[in-house]
Amino acid sequence: MKNIIDQIKVVEGSLNSAVPEGRIQDVWDNHRFNMKLVNPANKRKFNVIVVGSGLAGGAAAATMGELGYNVQCFFYQDSARRAHSVAAQGGINAAKNYQNDGDSIFRLFYDTVKGGDYRSREANVYRLAQVSNNIIDQCVAQGVPFAREYGGALDNRSFGGAQVSRTFYARGQTGQQLLLGAYQALSRQAAAGSVKLYPRTEMLDLIVINGQARGIVTRNMVTGEIKSYLADAVVLATGGYGNLYYLSTNAMGCNVTASWRAYKRGAFFANPCYVQIHPTCIPPAGEHQSKLTLMSESLRNDGRIWVPRNPNDTRKANDIPEAERYYYLEEKYPSFGNLVPRDVASRNAKTVVDEGHGVGELKNGVYLDFAESIGRLGAHIIKERYGNLFDMYTSITGEDPYKVPMRIYPAIHYTMGGTWVDYNLQTTIPGLFSIGEANFSDHGANRLGASALMQGLADGYFVIPYTMGNYLAQAKSEKVDTNHPAVREAEAGVNERMKKLLSINGKRSVSSFHRELGRVIWDNVGMARTDAGLRTALKRIPEIRAEFWENVRVPGSADDLNQSLEMAGRVVDFLEFGEVMALDALHRAESCGGHFREESQTEEGEALRDDENFAYTAAWEYAGEGKMPILNKEPLTFEYVKLTQRSYK
Amino acid sequence: MKLTLRVWRQKNSNTQGQLEDHQLDDVSPDSSFLEMIDDLNEKLTNEGKEPIAFDHDCREGICGMCSLVVNGVAHGQDRELIKAVTICQLHMRNFHGGETIVLEPWRAKGFPILKDLIVDRGAFDRIIQAGGFISVGTGSAPDANASPIPKKNADIAMDAAACIGCGACVAACPNASAMLFTSAKMGNLNHLPQGQTERYQRVVNMVTQMDKEGFGACTNMGECEAVCPKEINLDFIAQMNKDLITAALKGIGPTV
Ligand SMILES: Cc1cc2nc3c(=O)[nH]c(=O)nc-3n(C[C@H](O)[C@H](O)[C@H](O)COP(=O)(O)OP(=O)(O)OC[C@H]3O[C@@H](n4cnc5c(N)ncnc54)[C@H](O)[C@@H]3O)c2cc1C
Ligand code: FES
């Protein structure tokens, strides 16, 4: 175990990012001109599968349908409108500079590369900033009711510590409104017959023929039917893997299955250890807790974060005198105070809770106190700003934040890692593309607030429709049908897995394993990671996995609506994926963005990057069952944004 | 606390269903309603029985997936509650120990039961497909600030657009009418300049599809508004009816 890192096989020079030559400002325009086009009359002869109907998948399927391709769109919810993008609250960035406060494409690009702690690919990020403006135009034209000023112009706010106001929003429901825009565009294509929708249909494997992605194996979640669909290309838009942690702000069904199955068929998985933790979530209330709820970050604008100085203090919050309160962020970071970036706020909360200062019955949170701002501004102003959030908090906890401080604690919120893609968003399997949160591309080691919605829509509306055409125009793929041995093999694998899961008939439920796995990951591959902790995780995960395959109980049958079976399939993949994630975190002995290694910090306790040794993307390659994955390195160079160490002191 | 759950069990859409009683001995008042069902399912699994199938996903009141009639009320909210919620947002502290809670699926002709508490809401998707969109292709949009929209209109459009498509309105309506859902989409699009071009064709097509799906007529009972977790206003139904009359006067017929 000791030299596990030495056992990793490292390959350099194997990844071609396919970034065209030229000035970063011109690369995308030139590339669009150089890409091959599909003759309009031929487009309908091409079948494209899109897995996922969130911002990324919904936008991609609608746009490619509009262009004339034959699109099939799969998702596990009962309607495309329910993909987890729907839950995003805060907003979406764009470089419009409507507020005339000095924003520009270059500034958005710069902020994103810097915010990602220099672990993203410059050319991709620049393109993202470039198309951000088209997104807002598109969404307004679709009827997305963004917030407006009295003069009728679009309103903006500043978000997540940005120095410019570039965030567009629709009340606290920006994700919902953007998703409905994409869903309506998708519905229009469904009505026109260019897109066929497959609700309650889960992708369980990828079909690769002659090295090209040619289709997927699915399970109809109502009838249990296992069926393959073939196509000329496959797009994964299946979202993030935050549910690996069991407790997260993700929806209950979010999973890594599609990406993981693709990994096992040859699509490299990049930077799995980069995850984002959101500092302001409601702490778990007990063992029954099934998911965590995010409270908007904007609360930190008016709330003060503190814990009792004395860990043994049992008094109620309001009875603790000022002098005995520890406003740890304000003390440690006098200039940013409660508004330090997400990861800094999260880590500090963990530190004080670990030291025993935690509040609430389970001592698992910190206070976010509005008493001072209510005193200064009046309760009515606070109500105007945060009324909905306060109501939500009350309905979940039974406590009234106008009278007692809120309790908050960090939770897993977003995953920057994902399937490795090149500039065209193509994975290491030709014909397989990955977009949205499912890929690793634009956020490096840390994502800026309001940039995930932007990336999902950029990929879906404005990148994949072009790069897909370029692929299809050149891919020479043979004609295949569902009798092809590769299809049969994939289907048999899926059927066998189902059968096995149902036949174990052990003593423990699927969710008990998921919870156990999540706990190990949270404790060891969470907010702060150590060499020893990661080795513990690498030891524990295979043990849990082994017990799972011996002792899980999955009731019901395969040819029926069976939610336990659905969940079991997802947990199986988490149990494998978690190990690669821990390995990635172990090998990356530096801290960067959301990946904090305690061994690598500055004297002030800030994340310390090691650019000399780790300025690369780690793309893991499946090497076979039971074998250690192979590490492929894509070196990262920074020509436009100078490498600097972050500091929020 | 101790609770008795009286739950609708039905194998699939071709079989009859029935209510089944289950006991829970130790429900935490801090757990959410759905976590309480998780608990019961864990117990059923451990006893070698089949857990109860129910729809859910985000568990924070925004995806519209959860859909339970609790003690006869869609999303179970006729209690001393502060605000409209989905069932996934309701917490057990709103219930008392010893209570019997009856759990049923949405019941409406337009929403066939698939299993236990899960129904098929595909009809809602087809209503949107009939015209609940603005026909604009990707890439052809003018600058977002090219046409100013009065804040008031944008706000009303947002009030309507807040609909999560859960179907509680249909489940609550004695006629199983889908007017609140359908009119909310029009309330969203019709308050914006972009939505004007297709306005009358939209109303005719969406209402036609709504009728085809087997949803009933609206007789102004207001039950839908009372259970709507997003507090969508009945006014949108009135506006839709007005548009329907205008469309008829213009001689616009359905194209779906
Ligand atoms: C609570 C919350 C708040 C957020 N707030 C913000 C914000 O304010 N601003 C911001 O920019 N970002 C925010 N984010 C992040 C952002 O919402 C997501 O990163 C983004 O919406 C992901 O979009 P997506 O299209 O990639 O995936 P998703 O929207 O998650 O869609 C995934 C799709 O894939 C389908 N799918 C998954 N697995 C399978 C399978 N095996 N088979 C078939 N289908 C499958 C699902 O059915 C779904 O349709 C927030 C996230 C959360 C959780
Ligand atoms: S589960 Fe999403 S609204 Fe209830």
**Request:** Treating cross-link reach as a plain straight distance, find the lysines whose alpha-carbon is under 25 Å from the alpha-carbon of B:Lys109, omitting any fewer than eight places away in the same chain.
**Result:** A:Lys196, B:Lys11, B:Lys185, B:Lys212, B:Lys230
**Asked** Taking a ≥ b ≥ c as the square roots of the eigenvalues of the Cα gyration tensor of the protein assembly as shown, is the shape rounded (a/c under 1.5), prolate (a/b larger than b/c) or oblate?
**Response** rounded
**Asked** Mind checking the dipole of the stretch A:278-413: about its Cα centre, +1 per Lys or Arg Cβ, -1 per Asp or Glu Cβ, Debye to the nearest 20?
**Response** 180
**Request:** Pop the C-beta distance of A:Ala532 and A:Lys403 into the FRET formula with R0 = 41 Å and round what comes out to the nearest 0.05.
**Result:** 0.40
**Asked** Among rounded, prolate and oblate, which fits the stretch A:278-413 when a ≥ b ≥ c are the square roots of the eigenvalues of its C-alpha gyration tensor, a/c under 1.5 means rounded, and a/b larger than b/c means prolate?
**Response** rounded
**Item:** Computed P(r) (all Cα pairs; the stretch B:3-104; 10 Å bins; percent)
**Value:** 14, 50, 32, 5
**Request:** Divide by every residue of the protein assembly as shown the summed helix terms, -39500 (n - 2.57) for each DSSP H run of at least 4, and state the resulting mean residue ellipticity at 222 nm, rounded to the nearest 500 deg cm²/dmol.
**Result:** -11000 deg cm²/dmol
**Asked** With N residues in the stretch B:74-126, what two-decimal value do you get for its Cα radius of gyration over 2.2 N^0.38 Å?
**Response** 1.38
**Message:** Quick check: convex hull over the Cα atoms of the stretch A:246-331, volume per residue in Å³, rounded to an integer?
**Reply:** 168
**Label-point separation, A:Leu37 to A:Lys507 (7 Å along Cα→Cβ), nm** = 6.8
**Request:** Specify whether the C-alpha gyration tensor of the stretch B:93-171 places it in the rounded, prolate or oblate class, a ≥ b ≥ c being the square roots of the eigenvalues: rounded for a/c under 1.5, otherwise prolate if a/b is larger than b/c and oblate if not.
**Result:** oblate
**Message:** Please report the spacing between the Cα centers of the stretch A:209-279 and the stretch B:202-230 in Å, no decimals.
**Reply:** 37
**Asked** What is the dipole size for the protein assembly as shown, taken about its Cα centre, with +1 at each Lys and Arg Cβ and -1 at each Asp and Glu Cβ, in debye to the nearest 20?
**Response** 1640
**Prompt:** For the stretch B:133-227, what ratio Rg/Rh do Cα atoms give with a Kirkwood hydrodynamic radius?
**Reply:** 1.03
**Item:** Size descriptor, Kirkwood hydrodynamic radius, that averages inverse alpha-carbon separations across the stretch A:9-121, Å
**Value:** 18.1
**Asked** Once amide H atoms are placed 1.01 Å from N in the peptide plane, what residues at a sequence separation of 5 or more from B:Gly76, or on another chain, have their amide H within under 5 Å of its amide H?
**Response** B:Val70
**Fill in**
Answer in debye to the nearest 20: the dipole magnitude of the stretch B:3-104 about its Cα centre, from +1 Lys/Arg and -1 Asp/Glu charges placed on Cβ, is 300
**Fill in**
Ranked by GNM mean-square fluctuation in chain B (Cα springs under 10 Å), the top entry among B:Gly222, B:Gly165, B:Gly64 is B:Gly222
**Request:** Once you've got the GNM for chain B with C-alpha springs shorter than 10 Å, pick whichever of B:Gln239, B:Gln16, B:Gln129 has the biggest mean-square fluctuation.
**Result:** B:Gln16
**Fill in**
Whole-Å distance linking the alpha carbon centroid of the stretch B:74-141 with that of the stretch A:505-539 is 34
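What are the GluC sites (Glu not before Pro) within the stretch A:417-490 that DSSP puts in a loop, where the Cβ has at most 10 other Cβ atoms within 10 Å?
Sparse-neighbourhood loop GluC sites (Glu not before Pro): A:Glu478.
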**Prompt:** What is the set of long-range amide H partners of A:Leu206 at a cut-off below 5 Å, with H atoms built 1.01 Å from backbone N?
**Reply:** A:Val217
**Complete:** Longest principal axis of chain B (C-alpha) makes with the long axis of helix B:151-161 (C-alpha) an angle, in degrees to the nearest 10, of 40
**Prompt:** Give or take rounding to whole Å, what are the principal axis extents of the alpha carbon atoms in the stretch B:1-55, in descending order?
**Reply:** 37, 20, 19
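Any idea what diffusion coefficient the stretch A:606-649 gets from Stokes-Einstein, in µm²/s, Kirkwood Rh on alpha carbon pairs, 10 °C, 1.306 mPa s? Don't jump to the answer; show the numbers that get you there.
Numbers: Rh = 13.1 Å.
After rounding, the answer is 121 µm²/s.
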**Fill in**
Note, the stretch A:605-611: 3J(HN,Hα) by Karplus (6.51, -1.76, 1.60, θ = phi - 60°), whole Hz, Gly/Pro = x, goes x, 8, 4, 10, 6, 10, 5
**Asked** Per-residue HN-Hα couplings for the stretch B:112-119, Karplus 6.51 cos²θ - 1.76 cosθ + 1.60 at θ = phi - 60°, whole Hz, x for Gly and Pro?
**Response** x, 6, 9, 6, 6, 9, 9, 10
**Prompt:** Of A:Pro40, A:Val525, A:Ser441, which is farthest along the charge dipole of chain A in the positive direction, counting Lys and Arg as +1 and Asp and Glu as -1 at C-beta?
**Reply:** A:Pro40
**Request:** Would you kindly work out the equivalent ellipsoid of the stretch A:43-98 from its C-alpha gyration tensor and give its semi-axes, the square roots of five times the eigenvalues, largest first in whole Å?
**Result:** 25, 17, 6
**Fill in**
Among B:Gly187, B:Gly253, B:Asn220, the residue whose Cα sits farthest towards the positive end of the charge dipole of the stretch B:166-256 (+1 at Cβ of Lys and Arg, -1 at Cβ of Asp and Glu, taken about the Cα centre) is B:Gly253
**Message:** Taking amide H atoms as placed 1.01 Å from N in the peptide plane, list the residues 5 or more away in sequence, or in a different chain, whose amide H sits under 5 Å from that of B:Val102.
**Reply:** B:Arg6, B:Asn71
**Prompt:** Taking every pair of alpha-carbon atoms in chain B, what share in percent sits in each 10 Å bin, from 0 to the bin with the longest distance?
**Reply:** 7, 28, 31, 20, 11, 4, 0
**Prompt:** Which lysines does A:Lys96 reach when only Cα atoms under 21 Å apart count, and residues fewer than 8 places away in its own chain are ignored?
**Reply:** A:Lys114, B:Lys151
**Item:** A:Val11 paired with B:Asp143, simple spin-label distance in nm, labels 7 Å along Cα-to-beta-carbon
**Value:** 4.9
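Any read-out appearing in this document is the output of simple, stated calculations on the displayed coordinates, not a laboratory observation. In this text, all values refer to a predicted model and were calculated from it rather than measured experimentally. FYI the Cβ positions are ideal-geometry reconstructions off the backbone, even for glycines, and counts take in every protein chain you see.
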